[in-house]
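No lab work stands behind these numbers, since they all come straight from the coordinates. As the structure is a computational prediction, the values presented were derived from the model and not from experiment. Don't worry about glycine lacking a Cβ; one is built from the backbone with ideal geometry, like all the others, and counts go over all protein chains shown.
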Amino acid sequence: MKDDRIYIDRVLECIEWITRFTAEGRDAFFFDRKTQSVSLREFQTLAESTQRLSNELKEAHPEVPWESISGFRNVLVHDYLASDSSESGKSSNATCLLSALSLKPSG
């Protein structure tokens with residue numbers, strides 16, 4: 001049996017790093033290739049960690065778009081030449097980050 005806590009902790013760690021890396025805002029993100037690279041790598045790790053979560057946990061959190069997060073990971077990993085940073089930036093700001101933040105335990 002998988003221990004979901006390990007993967008949730010990893011997701012939260014990735015979110016923390018992404019938040020730090022992108023704290024200067026959208027323009028800074030698009031200007032700095034290094035920030036883009038490390039942020040996108042954290043998103044890849046985040047998405048891979050969500051794929052290892054149990055079905056029970058995913059079913060208990062239908063508000064998280066699990067398939068979208070997985071799909072974003074697939075674009076990053078398999079279709080990186082076709083994806084540009086502007087699309088990645090939009091997805092990161094809109095879907096993945098906010099969705100993953102809903103996993104954060106309250107209190």
Arrange Ile69, Ile6 by Cβ neighbour counts within 10 Å, fewest through most, would you?
Ile6, Ile69
Phi angles of the range 66-76, converted by Karplus (6.51 cos²θ - 1.76 cosθ + 1.60, θ = phi - 60°) into ³J(HN,Hα) in whole Hz with x for Gly and Pro, give 4, 5, 5, 5, 5, x, 5, 4, 4, 5, 4
Distance (nanometres) between label positions extended 7 Å along Cα→Cβ at Ser68 and Glu24:
2.8 nm
Evaluate E = 1/(1 + (r/R0)^6) for Asp4 and Val38, where r is the Cβ-Cβ distance and R0 equals 30 Å; express this FRET efficiency to the nearest 0.05.
0.70
